[in-house]
C-alpha cells in the first residue's frame, strides 16, 4: 500500500532527511555489532555471517546521504535493509534482523547520538571553566562591590565572583556525567519490547558499541524516556546558570557600569552610530542559551502524558528537537567561553566603586562587635546611625560615629586611622577567610581545588572518548575478521 502524498510530504520525507544526516552512522554501527554478536553466538551460520560482513563493509554512507526519499520504503532502516538484501541472497540478507526490532535499534541509535551531544556540551563546559579560572587567577586581587537585590552590598574580588560561577559549572559537569551514565546503556536485544528467545549476548553488543552495559528490563528499554529527560534537565540547569552570569556580564559591559570590555573580535558597531561597541557575542550567547532552554523544556513537554510504551512521540519527531537543543547549548556555552577568554576588566573603576556607597560598613559593625565588645545588634544600630548622620559625606564619618556611640551609651573610642583601615575594601576582603570566602588564603584553597577538579573532569571525559574510539576499532576489526574468513 503506497503512503499518502501528504503523509510523505509532512512526515516521512523530513524524518528521512534527519535520519540520514544524524542516524546513519549509529545504524551502521549497530548492524556491525549485531552481526558480530550473532556470529559469535552461533545464531548466524558462518558463511552467511561472512557474506553479510562483506556487504556491510561495502556500504557507502555518502551514497546513502545523497539519496532522495522516494516513498518506496518507510524510513532509513528499510532503505539500508533493501541495500543489504540487494547485495546478497535475500535469505541471507534477512538473517541480519534475527533477534532484534526497529524498536531496540531506534532506541540504541538515539542513545548513541545523545551521548555524543552530552560529550560535546561537557567539553564546552570544561573550556568555560578553564577560561573563568584563568580570569580569576588574573583578578584574584581585583576588588569590586558585589550586589544584592541589585544594590551595592559588600566588596569582594572578581576571583571570588568568578569562582562562584566556576563551582556552579563544576556541579553542571557532575550532572552531565550522571546523565551520560544513564544514557550510556544499550537497549539492543530488547527487540520489540519483550526480548527474544534466541540465545543472544547483550553484553557483547553493548561493548562493541561503547556502552557501559545493556539496559535492564526489556519493556522499559523501549518504553522509557527518562534517559533523555535527565539529559535535558542537566542541560537546562546549565543554561539557567550561564544565562544569569551572562546577564551580569552584559550589565558590566554598559557604559554606565563600565567594568567589562570585550575584545574587538567579539563586538559589532552600528550602521548609523559610529561610536557603538555592541557586546553582541554575549547577546548571542544569551539568545542561544535561551532558545536551547526553550527546546529542552519542549523535549519534556513532548514526552509528558504519552503512553508508557513504544510511541512515536519519543522517536523520529522528537530527536531533531533533542539535537537542536544540545547543539544550541554547546554553541551558547562555547561563544561565552570565547568572548571571556580575551575580555578585559577595568580594575581601577571596580576599585573606585568598592570605595563608594558605604559597601564596607558591615565590617565597621563587625569590628565594633569583635574588637570593642558591642553586641552585634547594637553595633549594627550604631553604624546605621553614624551613616545617617553623615548625610552622604564620608569626611564627616569620624565625628558621626563618635556621636552615634555616645547616643547609644557606648564608651568606645575608635581612632581615625583604625576607622579608615576598618573601612578599606582590601581589609574587608582580607578578613573574610571563612571557607568559601574571598580572603586570600580561602580563595587560594578554593582555586586549587577547582583546578584539580578541572583536571580530573577533563581526564574522565578523555577516558570516555577513548573508550568509544576503542569500541569502534574493536567493532571494525571484528567485522573485518568475519568478512575475511574462508568460505
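Overview of results
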| item | result |
| --- | --- |
| Ellipsoid semi-axes in whole angstrom, largest first, where each is sqrt(5λ) of the Cα gyration tensor of segment 87-162 | 57, 14, 6 |
| Part-to-part distance (alpha-carbon centres) for segment 225-278 and segment 109-123, which is given in Å | 24 |
| Rounded tilt (10° steps) of 226-252 against the dominant C-alpha axis of the chain | 30 |
| Acute angle (nearest 10 degrees) that the helix 76-86 long axis makes with the longest principal axis of the chain, alpha-carbon atoms | 30 |
| The chain, relative contact order [Cα under 8 Å, separation at least 6], % | 20 |
| Label zone at residue 217, where the point sits 7 Å out along the Cα-to-Cβ direction: segment 308-323 residues whose backbone N lies under 15 Å | 308-310 |
| FRET efficiency for residue 287 and residue 430, using Cβ-Cβ distance with R0 set to 30 Å, rounded to 0.05 | 0.15 |
| Binned Cα-Cα distance frequencies in the chain - 20 Å width, integer % | 20, 38, 25, 13, 4, 0 |
| Segment 1-73 versus segment 376-418: alpha-carbon centroid distance in Å | 80 |
| Percent RCO, i.e. relative contact order, over segment 5-98, from Cα pairs under 8 Å lying at least 6 residues apart | 38 |
| For segment 361-423, the Rg and Dmax computed from alpha carbons only, in angstrom | 10.2, 27 |
| Estimated distance in nm for a label pair at residue 137 and residue 40, the labels positioned 7 Å out from Cα along Cα-to-Cβ | 4.4 |
| Nearest-0.05 FRET efficiency for residue 167 and residue 352, computed from C-beta distance (R0 35 Å) | 0.80 |
| Per-residue [θ]222 nm for the chain (sum of -39500 (n - 2.57) over DSSP H runs n ≥ 4, rounded to 500) | -21500 deg cm²/dmol |
| Inter-site label distance for residue 395 and residue 14 at 7 Å from Cα along Cβ, in nm | 7.1 |
| Segment 75-209, relative contact order [Cα under 8 Å, separation at least 6], % | 33 |
| FRET efficiency, residue 82 to residue 174 (Cβ-Cβ, R0 41 Å, nearest 0.05) | 0.35 |
| Cα gyration tensor category, rounded, prolate or oblate, for segment 237-392 with a/c compared to 1.5 | oblate |
| Residue 201 versus residue 72: modelled label distance in nm, points set 7 Å from Cα along the beta carbon direction | 3.9 |
| Between helix 46-58 and the chain: long-axis angle, C-alpha atoms, 0 to 90°, nearest 10 | 60 |
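Values quoted throughout were computed directly from the atomic coordinates according to the rules given, and no laboratory measurement underlies them. As the structure is a prediction and not an experimental result, all values here were calculated from the model. Note that we place each Cβ from the backbone using ideal geometry, even for glycine, and neighbour counts take in every protein chain shown.
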